[in-house]
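Read the structure below first, then the notes.
Readers should treat all values here as calculations from the given coordinates under stated rules, not as data from a laboratory. This is a predicted model, so every value here is computed, not measured.
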Amino acid sequence: MSYNAPMTQPEELVAGDRAELQKPLYIPALDAAALPPGKGETVLLAGRRVAVFNVAGQFYALDDDCPHRGGPLGSGWVDADACHVTCPLHGWAFDLKTGAGVTVPARPVRSYPVRVVEGKVEVSVQLAVSSIQSSAGLRRSGIEVVSRH
């Protein structure tokens, strides 16, 4: 007697693999205690400059580059009451929760999900299929503090 296991179609495998590869990956960015309330810091995560902010113990993350002239948002001024950051170069402001442009609504920045696990601020980055690195490679080279303000 023989048993023929159902075969998975190649397109099902590809779709499943793609879905798995596109899941958010939380990468440790910094110690929560190292970033005081009302401040931001730029870190390099999986090859991206990401600005991480602490507003009264709640952490947020945005792309570090201001879309106006590439100013470092991690060095910007944090308005805790409005939950905004203002670019230090030319004063463009962004919502820390969503990345929406406050000064110029048509020019938002990308925001990233953030969580705190065991005292570490972790930022979720969506990896595209073409840019997948091994998780070991991310651990070796994906985390670097660029500036602290």
Worksheet entry | Amide H partners (placed H, <5 Å) of TRP77, local residues excluded | THR86
Worksheet, complete the sentence: Once amide hydrogens are built 1.01 Å from N within the peptide plane, the residues lying 5 or more places from LYS120 or on another chain with amide H under 5 Å from its amide H are ALA32
Worksheet item: Hey, could you pull the Cα Rg and Dmax for the stretch 28-80, both in Å?
Response: 10.6, 31
Practice prompt. Would you grab the residues whose amide H sits under 5 Å from the one on GLY71? Only those 5+ places off in sequence or on another chain, please, with H modelled 1.01 Å from N.
Written response: CYS66
Fill in: Note, ³J(HN,Hα) from phi for the stretch 93-103, Karplus 6.51, -1.76, 1.60, rounded to Hz, x at Gly and Pro
10, 9, 6, 5, 6, 10, x, 4, x, 8, 6
